[in-house]
1. Restricting to the stretch 15-49, give me the number of residues that are small (Gly, Ala, Ser) and out of contact with any helix residue (DSSP H, G or I) (no Cβ under 9 Å at 6 or more places or on another chain).
2. Does any residue of the stretch 98-119 turn out to be under 17 Å from the mean Cα position of the chain (by Cα) and closer than 15 Å to HIS147 by Cα?
3. Can you tell me which residue is nearest to ALA103 (Cα to Cα) among those in the stretch 25-73 that are of a type outside the set (A, V, I, L, M, F, W, C) and part of a strand (DSSP E or B)?
4. Report, by residue number, each residue of the stretch 168-189 that is over 16 Å from ALA141 (Cα atoms) and of a type in the set (S, T, N, Q).
5. Kindly indicate the residue of the stretch 135-192 that is among the acidic types (Asp, Glu) and without any contact (Cβ under 8 Å) to a residue 24 or more places away in the chain and also surrounded by the fewest Cβ atoms within 10 Å (Cβ to Cβ) among those meeting that condition.
6. For residues in the stretch 73-98 being out of contact with any Pro (no Cβ under 7 Å at 6 or more places or on another chain) and hydroxyl-bearing (Ser, Thr, Tyr), which is nearest to VAL25 (Cα to Cα)?
7. Which condition does GLN43 not pass, out of (1) touching a residue at least 24 places away in the same chain (Cβ under 8 Å); (2) on the phi < 0 side of the Ramachandran plot, if it passes all the others?
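The values are calculated or read from the model by the stated rules, or taken from the named source; none is laboratory data. Because the structure is predicted, anything quoted here is derived from the model rather than measured. Because the Cβ atoms are built from the backbone with ideal geometry, glycine has one as well, and the counts that use them run over all protein chains shown.
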Amino acid sequence: MLDKLKKRRTQYALGKTLPLPEAQVDALIREAIRHSPSSFNSQSSRAVILFGEESDRFWNIAREALRAIVPAADFAATSKKIDGFASGAGTVLFYEDQGPVKALQDNFPLYAHNFPIWSEHSTGMAQLAVWSTLADAGIGASLQHYHPLVDAETAKTWNIPASWKLTAQMPFGSNEAGFPEKSFIDDDVRFRTVGTRSLESRAA
């Protein structure tokens, strides 16, 4: 799993030539989400997997939604950014079904305030699982957040159930550029390890 995590990087230079057949990519995405954890095994994560023209259609929805709020002088740059996402082979729309979340709130009122938070944890883990799985297959991707601007038109276009809440969008495709070396902040800033003797013996 660590090998997959290390391969996961943000890729903005996407192309439409996938290293695997679309059906196999679709199966990988489904399997990654299927095995992602969720609170009380609620399995609240949902996904709409768009390929080809359907993916292009989503990014046109995003473009038009942004056109309504971005100043005209700035829109060319915004539209170019959207072009980059649309240049990929597909897009995963991540959702969380609020039905299971509400059911858990009703069944476990003591934890009711936590279930929406845990639902966000679930979608985050599903997104990471898919991203890492795609990266391991040699497929580039990035994670975007154009909701709630696109919610209504997207739901209308693909007949999304009313209980599904859009949480992220992941354009994916061939890697058309390499990645710079990734830097990390110092471990002393980021981590604290307490209660183990192995670190003490290693430092001695």
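1. Counting residues in the stretch 15-49 that are small (Gly, Ala, Ser) and out of contact with any helix residue (DSSP H, G or I) (no Cβ under 9 Å at 6 or more places or on another chain) gives 3.
2. Taking every residue of the stretch 98-119 in turn, none turns out to be under 17 Å from the mean Cα position of the chain (by Cα) and closer than 15 Å to HIS147 by Cα.
3. Result: SER45.
4. SER183
5. Looking at residues that are among the acidic types (Asp, Glu) and without any contact (Cβ under 8 Å) to a residue 24 or more places away in the chain, I get GLU181.
6. Within the stretch 73-98, the match that is nearest to VAL25 (Cα to Cα) is SER87.
7. Single failed check for GLN43: (2).
Residue by residue, here is whether (1) out of contact with any strand residue (DSSP E or B) (no Cβ under 6 Å at 6 or more places or on another chain); (2) exposed (fewer than 12 other Cβ atoms within 10 Å of the Cβ); (3) at pLDDT 95 or above holds:
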position: ASP3; (1), (2), (3): yes, yes, no
position: TYR12; (1), (2), (3): yes, no, yes
position: ASP26; (1), (2), (3): no, no, yes
position: SER42; (1), (2), (3): yes, no, yes
position: ASP56; (1), (2), (3): yes, no, yes
position: ALA62; (1), (2), (3): yes, no, yes
